[in-house]
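Novice: My questions will all concern the structure given below.
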Amino acid sequence: MEGRRVVVVGTGLIGTSIALAVRERGAEVLLTDRDPAALAQAVELGAGEPLPDGALREPADLAVLAVPPAAVAVTLLDAQKRRLATTYTDVASVKALPLAQAAGLGCDLSSFVAGHPLAGSERSGPGAARADLFLGRPWALCPPAGAAPEAVQAVTELARACGAMPVEVEADEHDRAVALVSHAPHVVSAAVAARLTGADDVALGLSGQGVRDVTRIAASDPRLWVGILSANSEPVADVLEAVATDLAVAASLLRDGSDEAATHVADLLLRGNAGRSRIPGKHGGDQPAYATVQVVIPDRPGELAMIFQAIGISGVNIEDVTIEHSQGRPLGILEISVVPEAAERLAGELRARGWSVSG
């Protein structure tokens, strides 16, 4: 992106993260947002400079429309009328409907490549942005029929500059896929979290990492998600109906209480194991089996840094890490995932340095 000029329309989490990433690659970035406070914060974070009022002397190389699905088409039309750039892309998590709306408005689709970086956070706004947000993540590209090859190339280069892996896919196929792996899971997470609103103190006091894992994404901005779900309503509804059927059958079988019913419930759990195992690992391909080393970690400054330093000295690579806090106590459990053959060596190293370890 060295020497390229990029306009980012929308300085939320995704737009600001893209701006930070391409600035690190030498691009000049101009920012615009309807919210002056969000724009000011993105500028303060070093994501770019405010887009000047009026038309640019020369169109930018690329304009990134970091707006909700319902706003993509009208934002594209406005940007093209202003000649903001020679190539345009978006980052909305729904593709078919915005493309149809853009065609209906008469947008020039030869210079537009619909895009969707599959990365994010339950946090929102420029304050949550990171230049490495897209590192190693898929970035779907859905060029409409007639998209210019140079436009596809420019957006592919954008994805790679952000550290992502570009994947070209048809818009309808994309929307069905994200309904299954993103949109419907968000609704299911919200449904589980909604049960907690009526929970008593005893139930909440017994909350463990399981309920936190299941409900983490339920903390996302509901206004944003209403727009996403509305724009991809049919595919999401299909997945939710299938999940609801599984849950209804499981509930009926559990009420039955017989051994035969328990077998059928076990079948659902086994199918869950099988589905979970198909999610690609961090390096792609099949998800590897890691060993977990559990360390009791006191809640005091520098403790985590010392553990990581000890792990580095041991020569063991961390594949994943989570922390489960002990409610009402100044400590937690650090779970370190490593390749199985390294687990014993790591556990011995940490024990020798005084930490309480299991695994």
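The values are calculated or read from the model by the stated rules, or taken from the named source; none is laboratory data. Here the structure is a predicted model, which is why all the values come from computation and not from measurement. For neighbour counting, all protein chains shown are included, and Cβ atoms are generated from backbone atoms with ideal geometry for every residue, glycine included.
Residue-by-condition table, conditions (1) more than 25 Å from Ala140 (Cα to Cα); (2) crowded, with 24+ Cβ neighbours inside 10 Å; (3) of a type in the set (D, E, K, R):
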{"position": "Val9", "(1), (2), (3)": "no, yes, no"}
{"position": "Ile18", "(1), (2), (3)": "no, yes, no"}
{"position": "Ala21", "(1), (2), (3)": "no, yes, no"}
{"position": "Val29", "(1), (2), (3)": "no, yes, no"}
{"position": "Leu39", "(1), (2), (3)": "yes, no, no"}
{"position": "Ala47", "(1), (2), (3)": "no, yes, no"}
{"position": "Glu58", "(1), (2), (3)": "yes, no, yes"}
{"position": "Val64", "(1), (2), (3)": "no, yes, no"}
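Novice: Scan Val338, Val316, Val357 and give me the residue that is surrounded by 12 or more Cβ atoms within 10 Å (Cβ to Cβ) and either over 30 Å from Met165 (Cα atoms) or modelled with pLDDT under 90 (or both).
Specialist: Val357
Novice: Can you tell me which condition Leu269 does not meet? The list is (1) under 30 Å from Ala100 (Cα atoms); (2) among the aliphatic types (A, V, I, L, M); (3) more than 23 Å from the chain's Cα centre (by Cα), and all the others hold.
Specialist: Of everything listed in (1) under 30 Å from Ala100 (Cα atoms); (2) among the aliphatic types (A, V, I, L, M); (3) more than 23 Å from the chain's Cα centre (by Cα), Leu269 misses just condition (1).
Novice: For the stretch 59-78, what are the residues that are farther than 14 Å from Val113 by Cβ and out of contact with any Pro (no Cβ under 7 Å at 6 or more places or on another chain)? It would help to see each step written out before you state the result.
Specialist: Residues of the stretch 59-78 that are farther than 14 Å from Val113 by Cβ, as a first pass: 59-60, 66-71, 73-75, 77-78.
Matches in the stretch 59-78: Pro59, Ala60, Ala66, Val67, Pro68, Ala70, Ala71, Val74, Thr75, Leu77, Asp78.
Novice: Cβ-Cβ under 9 Å, sequence separation 6+ or interchain: first residue in the stretch 110-136 and within 27 Å of Ala100 (Cα to Cα), partner of a type in the set (Gly, Ala, Ser) and assigned to a strand (DSSP E or B). Which pairs?
Specialist: Pairs found: Ser111/Ala85; Ala114/Ala140; Gly115/Ala140; His116/Ala140; Pro117/Ala140; Leu118/Ala140.
Novice: Hey, could you check the stretch 183-229 for residues that are of a type in the set (S, T, N, Q) and out of contact with any Gly (no Cβ under 9 Å at 6 or more places or on another chain) and say which is modelled with the lowest pLDDT? Full working, then the answer.
Specialist: Of all residues in the stretch 183-229, those of a type in the set (S, T, N, Q) come to 189, 197, 207, 209, 215, 220.
The next check asks that each one be out of contact with any Gly (no Cβ under 9 Å at 6 or more places or on another chain); those that pass are 189, 197, 207, 209, 215.
Values: Ser189: 96, Thr197: 95, Ser207: 86, Gln209: 81, Thr215: 93.
Only one residue tops the list, namely Gln209.
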